[in-house]
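Reading through the structure tokens given below for one structure.
The values are calculated or read from the model by the stated rules, or taken from the named source; none is laboratory data. For clarity, every value in this text was computed on a predicted model and none was experimentally measured. Here Cβ is always computed from backbone atoms with ideal geometry, including for glycine, and neighbour counts include all displayed protein chains. Please note that ligands, DNA and RNA were not included when accessible areas were found on the heavy atoms of the full protein model with its side chains. Shrake-Rupley method; radii C 1.70, N 1.55, O 1.52, S 1.80 Å.
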Amino acid sequence: MTSYSEAPKKTGVPRDVLKWLQSLDLSFSPKNFRGDLSNGFITAEIFYWYYPEDIQMHSFDNGTSLPAKLGNWSVLEKFFMKKKLNVSKELIDGAIHCKPGAAEILVQEIYVMLTHRRVKTIQDNEVDFTDRHYQDGLPMVARSTATKAVKSNITLSEILAETDIDVNKQKVQAVLDIHLQQRQQDRIADPKRFNVRPSLGERAIRLLPSSNQNQSEASLTNRSSSSSLSSSSSQTDIRSKTNVSFKEIKVNQGDRSYVSSSVSSASPSTLSAP
């Protein structure tokens, strides 16, 4: 989804754009841009002042019904393609279905396109044609539920204009994903409110060994290494000495002839059980 710089909160558009609209001598001065620009009639009048030979005002209907809106914007889109004017399809759909901030951004882009001037924006946030920024400013108790989020961000005209059910399902799923992401952020920001308990892995966090423990382990390793070195060095010292003599000890064993003769003379009958 394309993101645009958010329109000012008070007037909806910068002062330079308002003065430019008043200088065009339109049929009526737009005050509620979200509603006044949705049918495309004011937009057609704006381009008529710059392209009088290509725009025929009798071809546009100043009505508020969905067929009138779609018909007016269909003629305008053909005009945009003919003159190679880059007007975003997403902005047009947002203006038709009265999306938050769509009409204001559309007027600003038309102003830059026709006058070749820059627009001074006074807000750094980005608008995605949803009420996400409005929901972020509310307390957690007053924020919308999942059902309310779908109703607020998807209008009836948007569903009626799109005949493909799968596309409408994707739009609903996108709104639900934004809502779930916001809820997850709320749970992270205030875990006590949602009774979020730490998991077993979070409870069993292993601390880093202290400096005393490191010193004791290092001393143990040094002792073991020193003992092994001392034993090996002692063995090598003993073997290297030439004046060491080894004495052989003889052990006198008893006479085994009597035992062997007695075993051989024993009869099988005596060895067997009675």
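Data table
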{"item": "Unmet criterion (only one of (1) in contact with a Phe, Trp or Tyr (Cβ under 7 Å, 6 or more places away or on another chain); (2) at pLDDT 90 or above) for GLY12", "result": "(2)"}
{"item": "Matching residues, segment 133-157, being part of a loop (DSSP other than H, G, I, E, B) and either among the hydrophobic types (A, V, I, L, M, F, W, C) or more than 27 Å from LYS89 (Cα to Cα) (or both)", "result": "GLY137, LEU138, PRO139, ARG143, SER144, THR145, ILE154"}
{"item": "Identity of the residue in segment 165-190, closer than 18 Å to GLY137 by Cβ and out of contact with any helix residue (DSSP H, G or I) (no Cβ under 8 Å at 6 or more places or on another chain), that ends up modelled with the lowest pLDDT", "result": "ALA189"}
{"item": "Among the candidates LEU200, LEU156, residue that is modelled with pLDDT under 85 and either hydrophobic (A, V, I, L, M, F, W, C) or touching a Leu at 6+ places or on another chain (Cβ under 9 Å) (or both)", "result": "LEU200"}
{"item": "Residue in segment 59-72 that is farther than 14 Å from ASN39 by Cβ and of a type in the set (Val, Ile, Thr) present", "result": "no"}
{"item": "Restricting segment 96-127 to residues that are β-branched (Val, Ile, Thr) and at pLDDT below 85, the residue that is least open to solvent (accessible area, probe 1.4 Å)", "result": "VAL127"}
{"item": "Unmet requirement for THR130, which otherwise passes all of (1) at pLDDT below 85; (2) in a helix (DSSP H, G or I); (3) crowded, with 17+ Cβ neighbours inside 10 Å", "result": "(2)"}
